[in-house]
Amino acid sequence: MVRVRFAPSPTGNLHIGGGRTALFNWLFCQSQAGKFILRIEDTDQERSKKEYVDEILFSLKWLGFNWDELYYQSQRFQNYREQADKLLKNGSAYIERSPEGKEAVIYKVPQKKILVNDLIRGQIEFDSSLIKDQVLIKSDGTPTYNFACVVDDAQMNITHIIRGDDHISNTPKQVLIYEALGFSLPQFAHLPLIMGVDGGRLSKRTGATAISDYRKMGYLSEALLNYLLLLSWAPGDNRELITVAEAVKLFDIKHVNKTSATFDLKKLDWINNQYLKLADPQLLAEELIPLLAAKHYIDPDNYDRDYLLSLIKLFQARLPRLNDFVEWSDFFFLEEPVIDPAAKEKYLSQDLSREFGMFAQRLNNLASFDIASIETSFRELVADLGIEAKKLIHPVRVALTGKTIGPGLFEVIYYLGKERSSRRLLKWVK
RNA sequence: GACCCUGUCGUCUAGCCUGGUCUAGGACAAGAGCUUUUCAAGCUCUCGACACGGGUUCAAAUCCCGUCAGGGUCACCA
């Protein structure tokens, strides 16, 4: 039975790298019908915070990962102590006293070659003579990372350890501890790291790092996961869009890339847009309602849901991030559109009183106010005036929406309604 | 500095294991154009890479060696 674990430390939010590690553990585990264990590595009592635990659990659920078992290292100190005593007894560890009289347990590193067979990278050789003796239990009584990690992975029967590349150099130290404790070794697989655009580690400086930030910016979890998946694995067949469920069927850990990848927000935006296009407007509405309410664009307790859904459909194919909807569609909610100065300069600097006046009047006289009739009426107007359609389309769009870009003009007019449309046009009639 | 990992278009990658089908394929980005309505959507096209040097071989992106470059780790943090 395959058992994998994801072991975050609650000293910060779940970040992109952690989410990616969780994803690959999840893929492997699902493809092997195994168990997914979540372990909170909260041995650092100073830096570990309950709110980070909550945030991490929330983000994991948002990504769609659920765990079969959950452990907290802070509740397992007794186990580490027992295992350290075992090493003390069999002579592979010794006690070191600090000047204040505090005791730490130190592992005596034997001199030998250590071979690790990494599922992704193949065999890696280390020379333990380069490794100094390792602290197992710190003088404050808490275990060190490498020690707690080994004790837990062994006691939790973890069969495959899938983690970031930055742990490669921890591996020989851990292997030594496994051997000293008499535990059998799990399989290791080290994932390449994700880099920021500057080539270094992904950091706040080079972009948002928390998974929750991406949620707040309006990325769909499916899209984020799809992107993370593509960062070091490819389904083959030149496919760019793939769900986690589909990936589970095709996944083979041996085909995970070895090279670190740069996080590219542009491609994430593209993938997010691909998902947004196909998303159920009902679900998008659920995400959008709080945002629109915060802007006082709608009253969450009393709004026209069908109307909102229609607007979402109007925009969803062109949104890179769901949250862009709030800004792009503002003219549907505001009493008056906010006119972009550059757009005004370009399209409304000449006097269009006659054209706008005529169009407003024709709209008002429309027997049936539907998209097709609006367009017909507009086409007839420009024919009567003897001008090109686009000569009037752009100014009208700016007058109605304040922007030079947006959904098709006739749909905009339809959803704005007869009254608001003509009122906004008449504002420009002298 | 030592040790370890990695090196295909600007970016993510396919191909590499099992040399020939690769004058290296796809996607994002960028540029150009089309869309008798915009683009931030759609369509078309263009630009653009096997890090370098040796070797093995009839043949190397693919195998071997070296160099260089990038990254990671060297805590009583995790």
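Summary of computed values
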read-out: Label-point separation in nm, A:PHE58 to A:ALA245, each point 7 Å along Cα→Cβ; value: 2.7 nm
read-out: Added length on full extension, which subtracts the Cα-Cα distance from 0.36 nm per residue, A:ASN157 to A:VAL326; value: 56.0 nm
read-out: 13 Å beta-carbon shell around A:ASP198, net charge (K/R +1, D/E -1); value: +2
read-out: Dipole magnitude of segment A:79-140 about its Cα centre (Cβ charges: Lys, Arg +1; Asp, Glu -1), debye to nearest 20; value: 120 debye
read-out: Rounded FRET efficiency, nearest 0.05, which uses the C-beta distance separating A:SER260 from A:GLU82 and R0 of 51 Å; value: 0.85
read-out: Cα-projected label distance for A:ALA33 with A:LYS112, points at 7 Å along beta-carbon direction, nm; value: 3.7 nm
read-out: Nearest-ten-degree value, helix A:77-89 long axis tilted from longest Cα axis of chain A; value: 30 degrees
read-out: Length released on extending from A:LEU426 to A:ASN238, taking residue separation times 0.36 nm less the Cα-Cα span; value: 62.4 nm
read-out: Sites matching trypsin sites (Lys or Arg not before Pro) across segment A:71-167 that sit in DSSP coil, with at most 14 neighbouring C-beta atoms within 10 Å; value: A:LYS102, A:LYS108, A:LYS112, A:LYS132
read-out: Estimated [θ] at 222 nm from DSSP helical runs (n ≥ 4, -39500 (n - 2.57)) normalised by residues in chain A, nearest 500; value: -14000 deg cm²/dmol
read-out: Net +/- balance of residues flanking A:ASP280 in space, Cβ distance below 13 Å, scoring K and R +1, D and E -1; value: -1
read-out: Rounded to 10°, Cα long-axis angle of helix A:221-230 versus longest principal axis of chain A; value: 60 degrees
read-out: Label zone at A:VAL2 (point 7 Å along Cα-to-Cβ), backbone N below 19 Å, segment A:175-215; value: A:185-192
read-out: Sum of side-chain charges, A:PRO143 neighbourhood, beta-carbon under 14 Å (Lys, Arg +1; Asp, Glu -1); value: -3
read-out: Using alpha-carbon coordinates, inclination of helix A:265-278 to the longest axis of chain A, degrees; value: 60 degrees
read-out: In range of the label at A:ILE405: residues from segment A:252-271 whose backbone nitrogen is under 14 Å from the point 7 Å along Cα→Cβ; value: A:270
read-out: Gain in span if fully extended, A:LEU70 to A:ASP299, counting 0.36 nm per residue against the direct Cα distance; value: 78.4 nm
read-out: Cα-centred dipole magnitude for chain A, charges only on beta-carbon of K, R (+1) and D, E (-1), debye, nearest 20; value: 620 debye
read-out: Percent of beta bridges antiparallel (DSSP, chain A, rounded to nearest 5); value: 50 percent
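None of the figures in this text is laboratory data; all of them are computed from the coordinates on show. These numbers come from a predicted model, not from an experiment. Quick reminder, even Gly has a Cβ in these numbers, built from the backbone with ideal geometry, and neighbours come from all protein chains shown.
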